[in-house]
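What follows is a set of notes on a single structure, which appears directly below.
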Amino acid sequence: MEIIGYRTRNLEQACSSERAAKRLFGDQVARKIKLRVKDVESADLAPDLFLGPGKWHALQHEGLAGCLAGSLTANWRFIVRPDGWDAEVGWSGVSAVEIWDICDYHGR
């Protein structure tokens, strides 16, 4: 899938530089960020993420509904917002995403 953008400059830096990711999120999360970026880049369509590593799942949380999340650690998630998601077509029509957040949304 194509990554069409990043919600913040820090997210862009964390996804493109392991050094920046370590500075922002620590060693353990930084290593997993690199893997989740590769998951997204190697997938043709959003449903391919559900079949691969990373425990990808659709979110229904308030404010994150319609996003996909991949696990980084027990609580931390790599969140992407699909571009062109259509309820009639579903996830099979999504071929591009924006990197939306890297966070621990548990307890929000």
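Where a number appears in this text, it was derived from the coordinates with a stated rule and is not lab data. Nothing here was measured: the structure is a model prediction, and the numbers come from that model. Using ideal geometry, Cβ is built from the backbone for each residue, glycine included, and neighbour counts are taken over all protein chains shown.
A few comments on the model shown:
- For Ser95, the shell of other residues with beta-carbons less than 11 Å away shows a net charge of -4, using +1 for Lys and Arg and -1 for Asp and Glu.
- When the trypsin sites (Lys or Arg not before Pro) in region 1-59 are filtered for DSSP coil states and for at most 15 other beta-carbon atoms within 10 Å of their beta-carbon, the remaining sites are Arg7, Lys55.
- FRET efficiency for the Leu24 to Ala87 pair, using the beta carbon distance and R₀ = 25 Å, is estimated at 0.15.
- If the chain linking Glu12 and Ala65 were pulled fully straight, counting 0.36 nm for each residue of separation and taking away their Cα-Cα distance, it would gain 16.9 nm.
- Label-point gap, in nm, between Glu41 and Lys55 - each point 7 angstrom along Cα→Cβ: 2.5 nm
- Applying a DSSP loop filter and a limit of 10 other Cβ atoms within 10 Å to the GluC sites (Glu not before Pro) in region 49-105 leaves Glu62, Glu88.
- Given +1 at the Cβ of Lys and Arg, -1 at the Cβ of Asp and Glu and no other charges, the dipole of the chain around its Cα centre is 680 debye to the nearest 20.
- Rel. contact order, % - alpha carbon contacts under 8 angstrom, at least six apart, the chain: 29 percent
- Relative contact order for region 49-91, counting Cα pairs under 8 Å that sit 6 or more residues apart, in percent: 25 percent
- Summed residue charge, Cβ within 15 Å of Phe78's Cβ, Lys/Arg positive, Asp/Glu negative: +2
- Overall form of region 42-108 per C-alpha gyration tensor (a/c, 1.5; a/b vs b/c): oblate
- Mean residue ellipticity (222 nm) of the chain, computed from DSSP H runs ≥ 4 via -39,500 (n - 2.57), nearest 500: -10000 deg cm²/dmol
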